[in-house]
Amino acid sequence: MTLNKMREYFEKKGVSQLEVGRFIGVQSRTIRSWFSGDIEPPQLFIMAIEADIFDVEERPEERVKKRLVLKKLSDMQEKIDTLYNMYTMVSGQLETLMDQQRAQIAAMRGRLQ
């Protein structure tokens, strides 16, 4: 893929160089170097463009909304995991206490007989 085709691809999609960098997790100066031709982009990046795997047809604000929703879902999942771990810990402690109580009752019954 030529440099011009790479530029055209993202221009056609309405995506800035900064957005490309954020989307793939690469610093903006690296992206600028790729777009200026100073550094050749990795072959995997070029293959991704050619395969059109970058879901960049949406408007930027729609991508931001999706990212925010995904972040909220991720945060919620973390909270659920924390609550589940707390529940597991507490229920284990409760079982231990109940076993201790049963043992004490059995010991008291044994003394009374």
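The values are calculated or read from the model by the stated rules, or taken from the named source; none is laboratory data. Bear in mind that the values here come from a model prediction, so they are computed numbers and not experimental data. With ideal geometry, Cβ positions are generated from the backbone for all residues, glycine too; neighbour counts draw on all protein chains shown.
Summed over region 1-15, residues that are more than 27 Å from the chain's Cα centre (by Cα) and part of a loop (DSSP other than H, G, I, E, B) total 2. Limited to region 16-26, what total is found for residues that are part of a loop (DSSP other than H, G, I, E, B) and within 20 Å of Met47 (Cβ to Cβ)? The number of residues fulfilling the criteria is 2. Only one entry of Arg29, Arg67, Arg109 meets the criterion of being modelled with pLDDT under 85 and assigned to a helix (DSSP H, G or I), and that entry is Arg67.
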